[in-house]
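> One structure follows; several queries about it will come next.
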Amino acid sequence: MVKVEKFIQDAKDDIVSNLHGKGILACSGGQDSTLLAVLSNMAAGDRILSVFIDTGLVREDEIHRVEKLFKSYSLNYRIIDASERFFKALIGVSDPETKRKIIGKTFIDVFEEVAKEYGAETLLQGTIAPDWIESGGSVRDVIKSHHNVGGLPEQMNLKLLEPLRDLYKDEVRDISRFLKLPADIQPFPGPGLAVRIIGEVTREKADLLRKITTIVERGVVQQYPDPDNRPWQYFAVLLPVKSTGIHGDRRTYGYTTAIRMIDTTDAMSGTFTKPDWEFLDNLSSEITNEVREVNRVVYDITSKPPGTIEWE
Ligand code: XMP
């Protein structure tokens, strides 16, 4: 049996033997949790409910895309709009680790409510190896508390099952391809746009960053049509720094956004992408033309290490 098929079989066995009662699955729409949703459905069918929580910190079109995918794989699913709750919990918070913990806790609170209603006893999560290694699960220091590890409350009322915990990103991609899942879903962090909004997170800032993100994603896909030659991750960060600019003949005082593009194979280390200037020039013009609140665009030239991929 080839490695991919063996992994699928092992994951299904793991789910079948460790699933207590009914299970609830945290699907963020990213590659990891989408793979987990499909594998869980293959292993346990409707005993598992895939839940997508709209935190208000997801990308444009994400909900529509996720729902389409859930439907096409005939998953048992629910989509819940909890955005008000997340924004309220984040009022006045700018510390990155506190943000992650609050988001993690709010996630779990919402899940626990849905799980109770559904009668689930197990929580399945798409945690993969870099998540727990970098969350202090090994001898290394805590680098970031990834929401699906560090944010868990001490007393959880659900049994935790993490069938992907030994996988690295490139393996997740291989398995997703094998299962004919979209291979070009770029990784998206659990805490969503919150870790790309430096400083306090508000709905207004999330709306702004959503617009910028769409422009960056659209531009990168046009520039790199072949998913195999595309940077691993490409996104924008909204900075709390305002600066002076000119729109037409008017002086403006607007936001700064940073574009981040990274080449890596496993997200553990990587180098910043070196696209051509014309592409960056166009991207910058599109952002400042389409999003009037932004008047300055910078490009992040930091590799990992020393920088992490996400800014927070
Ligand atoms: P960093 O920023 O630590 O990111 O270099 C490595 C990879 O992990 C993603 N990432 C996350 N994924 N929950 C996740 O499921 C998280 O909280 C989280 N934080 C970062 C990041 O986008 C990159 O692909």
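The values are calculated or read from the model by the stated rules, or taken from the named source; none is laboratory data. Since we're looking at a predicted model, the values are computed, not measured. Quick reminder, even Gly has a Cβ in these numbers, built from the backbone with ideal geometry, and neighbours come from all protein chains shown. Accessible surface is based on the protein model in full, side chains and every heavy atom, while ligands, DNA and RNA are left aside. Shrake-Rupley method; radii C 1.70, N 1.55, O 1.52, S 1.80 Å.
> Please specify each residue of the stretch 214-243 satisfying the condition of being more than 11 Å from Asp184 (Cα to Cα), among the β-branched types (Val, Ile, Thr) and assigned to a helix (DSSP H, G or I).
Thr214, Ile215, Val216, Val220
> For the stretch 87-104, which residues satisfy the criterion of being in contact with a Gly (Cβ under 7 Å, 6 or more places away or on another chain) and farther than 14 Å from Ile198 by Cβ?
So the first thing to find is which residues in the stretch 87-104 are in contact with a Gly (Cβ under 7 Å, 6 or more places away or on another chain), and the list is 87, 94, 100-101, 103-104.
Residues satisfying the conditions are Phe87, Lys101, Ile103, Gly104.
> Cβ-Cβ below 9 Å, separation at least six or inter-chain, first residue in the stretch 191-210 and modelled with pLDDT of 95 or more, second among the polar types (S, T, N, Q) and in a helix (DSSP H, G or I): which pairs?
Going by the 9 Å Cβ cut-off, the qualifying pairs are Leu193/Thr213; Arg196/Thr213; Arg203/Ser83; Ala206/Ser83.
> Let me ask another. Every residue in the stretch 268-306 that is in a loop (DSSP other than H, G, I, E, B) and either farther than 30 Å from Glu97 by Cβ or open to solvent by less than 20 Å² (accessible area, probe 1.4 Å) (or both), please. Write out each step before concluding.
The first filter runs over the stretch 268-306 and keeps only residues in a loop (DSSP other than H, G, I, E, B), leaving 268-269, 273-276, 291-293, 300-303, 305-306.
Matches in the stretch 268-306: Thr273, Lys274, Pro275, Asp276, Val291, Arg292, Asp300.
> Another question, then. Which of the following residues is more than 14 Å from the ligand (Cβ to nearest atom), in contact (Cβ under 8 Å) with a residue 40 or more places away in the chain and assigned to a helix (DSSP H, G or I): Glu112, Glu117, Glu97?
Details: Glu117 fails: in contact (Cβ under 8 Å) with a residue 40 or more places away in the chain; Glu97 fails: more than 14 Å from the ligand (Cβ to nearest atom).
The unique qualifying residue is Glu112.
> Among residues belonging to the stretch 246-267 that are closer than 17 Å to Pro305 by Cβ and out of contact with any strand residue (DSSP E or B) (no Cβ under 6 Å at 6 or more places or on another chain), point out the one that is most open to solvent (accessible area, probe 1.4 Å).
Filtering first and then ranking leaves Thr265.
> Identify, from the list Ile246, Ile262, the residue that is hydrophobic (A, V, I, L, M, F, W, C), part of a strand (DSSP E or B) and closer than 27 Å to Ile133 by Cβ. Walk me through it before giving the result.
Working: Ile246 fails: closer than 27 Å to Ile133 by Cβ.
Just one listed residue meets the conditions, Ile262.
> Conditions: (1) within 12 Å of Pro231 (Cβ to Cβ); (2) more than 24 Å from the chain's Cα centre (by Cα). Asp276 meets all but one. Number of the miss?
It is condition (1) that Asp276 fails.
> Test Gly23 against the criterion of being outside the structural domain of Ala267 (by TED's automatic domain parsing), away from the ligand (no atom under 16 Å from the Cβ), open to solvent by less than 40 Å² (accessible area, probe 1.4 Å) and within 24 Å of the chain's Cα centre (by Cα), and give yes or no. Even if it seems obvious, please write down each step before you answer.
On the way: outside the structural domain of Ala267 (by TED's automatic domain parsing): yes; away from the ligand (no atom under 16 Å from the Cβ): yes; open to solvent by less than 40 Å² (accessible area, probe 1.4 Å): yes; within 24 Å of the chain's Cα centre (by Cα): yes.
Considered against the rule, which asks whether it is outside the structural domain of Ala267 (by TED's automatic domain parsing), away from the ligand (no atom under 16 Å from the Cβ), open to solvent by less than 40 Å² (accessible area, probe 1.4 Å) and within 24 Å of the chain's Cα centre (by Cα), Gly23 comes out as yes.
> With (1) within 30 Å of Leu167 (Cα to Cα); (2) surrounded by fewer than 20 Cβ atoms within 10 Å (Cβ to Cβ); (3) touching a helix residue (DSSP H, G or I) at 6+ places or on another chain (Cβ under 8 Å); (4) not polar (S, T, N, Q) as the list, and Tyr234 as the residue in question, which single condition is left unmet?
Unmet condition: (2).
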